[in-house]
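*Asks:* For reference, the structure I am asking about is given below.
The values are calculated or read from the model by the stated rules, or taken from the named source; none is laboratory data. Model, not experiment: these values are computed from the prediction. Methodologically, a virtual Cβ is constructed for each residue, glycine included, from the backbone with ideal geometry; neighbour enumeration extends over all protein chains shown. We work out accessible area using only protein heavy atoms, side chains counted, and drop any ligands, DNA or RNA first. Shrake-Rupley method; radii C 1.70, N 1.55, O 1.52, S 1.80 Å.
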Amino acid sequence: MNFWVRMCWRGVVAVVLMSSTGRAEAASPADPSGTWLVEDGRARIRLERCGPTRERVCGFIVWMKVSDDSRGRPLRDELNPDPEKRSRPLLGHQLIMGLKPAPEGRFDGEIYNAEDGKSYAVSLWRDSSDRLKLKGCLIRFLCQTQTWTQTLDVQPGQLVGLTGDVNGPRADKEWAVVPTPVKTKAAAK
């Protein structure tokens, strides 16, 4: 198959997987997996299960209202404390880091803010079938809560590929899925 046919098939597979994720959410109302429009409308975040047992939740920027600078270059993660990550584009990067399940259908952990290069404590939960609450705290008593709205359409420029794929977001190395080596009969001998 040529490159464009493979890319088309990957897009079809991604759409099928995303649509099946929507049906799975109805069965598990606490699961925050899906694509969410942030409260101010500037970005869409894809939440998906991650980690070795798929019990945690990671989040990726898959669409930005403004993804390029004034010269037409992708906005970069210039304030990241990790020098290796400063040249990565903001579109597609991971900002929610393996939130752990918590009581009452919540997930707790950290969210990274590229606007200041810092990470903050965060808790998120489904408020309704199409609404997600995200509470971020600078310190224990300085918190702010946002409401994100689930989206099912695709905007121009939105990443729709699977995580780690060409047209998908990229997990930070500590959260990237590492394929398990498959033992073959020849290797076992």
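*Asks:* Based on the mean of other beta carbon atoms within 10 Å per residue, what is the order of 158-167, 70-79, 90-99, most packed first?
*Replies:* By packing density, highest mean first, the sequence is 90-99, 158-167, 70-79.
*Asks:* Related question: Each residue of the range 143-149 in turn: what ³J(HN,Hα) in whole Hz from Karplus with 6.51, -1.76, 1.60 and θ = phi - 60°, glycine and Pro shown as x?
*Replies:* 10, 9, 10, 10, 10, 9, 10
*Asks:* Same structure, new question: Could you give me the percent of Cα pairs per 5 Å distance bin for the range 40-120, shortest bin first, beginning at zero and ending with the bin that holds the maximum distance?
*Replies:* Values per bin, smallest distances first: 3, 14, 21, 24, 18, 11, 5, 2, 1, 0.
*Asks:* While we're here: Determine the alpha carbon to alpha carbon distance for each of Lys85/Lys135; Lys100/Lys173; Lys100/Lys135; Lys118/Lys173 and list only those over 21 Å.
*Replies:* Distance filter (> 21 Å) returns Lys85/Lys135.
*Asks:* Same structure again: Keeping all protein chains in place and using 1.4 angstrom, which order do Asp40, Asp69 fall into by accessible surface area, from largest down?
*Replies:* Asp40, Asp69
*Asks:* Hey, what's the Cα Rg ratio for the range 38-187 versus the globular rule of thumb, 2.2 N^0.38 Å?
*Replies:* Cα Rg divided by the expected 2.2 N^0.38 Å: 1.12.
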